[in-house]
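Report on one structure; see the data block that follows.
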Amino acid sequence: MITATTKSPSGGIDLYPVYDKISVSTRSTTVPGYGTYHAIYDGQFYVNLGLWRRQTNNIALRKDLYKAATKINEKSEVYSYNKRTSSDDYWNISVRMQDYESYYGSYYDRDVAQSDYMAAGTENSKGIGKDLEVYVTYQIIVRNLSESIVNEITEIVDYYDNELEYKENLSWVMTGSKTGISQEEYLQMIRNSSISNINRSRKY
C-alpha cells in the first residue's frame, strides 16, 4: 500500500487513504460481513503521488511483395512490385484501416507464358512443366515511431502460404532509411542463389 498526504482546495491535509474501504459512490454503503465502505470525499479527487504514465513503445510494421523472378534454363526474369502507397500517413494503423479495401484488398498478378511453364530444363530435368522456378520476395519494414524510446527488434514472426518454400540463403536484413536493392542485384541473387552480391546485407 502507498501512503501519502493529500489536500483538497477546501480542506486540510489528509493522510491518504483515510479509509481502507471506499465505495465509488456519493453515499457510504454497509455490507454485512465486510463492514462499511465510505463514500468518496473531496480529498480523494486531488491525490498526486508524483507518478507519471510509463512511456510506451510505438513500433509500426508494413509488408508488401517486393520483387519476383522466374528462372528456367539459366534464363531469369525479374518483376518489381512494392506498389502500395509510400505515404508516411500510412504508418498509422488507423489510416490504413480507413482505407482498408484499397490498402489490404489489393493484389498482384503476373502472367506466365505457356512456353515457359511447359519448358523442360536442359540438365537434370524433372519433366515438362516442372522445371520453371518462381521466386517471390516480401519486404517487411519496421519503423520506430516512438519519440524518445530506443527499441531493438529481435524477432519477427511472419506467415506464408504452405505451397511456398522459405529460402534462408535468399533472405537478408538491412538497417537505415535506404533498404532497397537494384534490379541487377536482385537478378544476380536469383542467378547465383546467393545474397553475397547485395551491399549492406546481413543474413538471418
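The values are calculated or read from the model by the stated rules, or taken from the named source; none is laboratory data. Computed from a predicted structure; not experimentally measured. Here Cβ is always computed from backbone atoms with ideal geometry, including for glycine, and neighbour counts include all displayed protein chains.
A few remarks follow.
- When S76 is tested against (1) modelled with pLDDT of 85 or more; (2) in a helix (DSSP H, G or I), only condition (2) is not met.
- For the condition more than 30 Å from E152 (Cβ to Cβ), among the hydrophobic types (A, V, I, L, M, F, W, C) and modelled with pLDDT of 85 or more, A68 qualifies.
- Single residue of S106, S115, S102 found to be free of Cβ contacts under 8 Å to residues at least 40 places away in the same chain and in a loop (DSSP other than H, G, I, E, B): S106
- Reported count of residues in segment 75-98, each being charged (D, E, K, R) and in contact with a helix residue (DSSP H, G or I) (Cβ under 8 Å, 6 or more places away or on another chain), is 3.
- Against the criterion of being at pLDDT 90 or above and closer than 30 Å to Q55 by Cβ, V136 does not qualify.
- Residue selected from segment 161-188 under the condition in contact (Cβ under 8 Å) with a residue 12 or more places away in the chain and among the aromatic types (F, W, Y), by the criterion surrounded by the fewest Cβ atoms within 10 Å (Cβ to Cβ): W172
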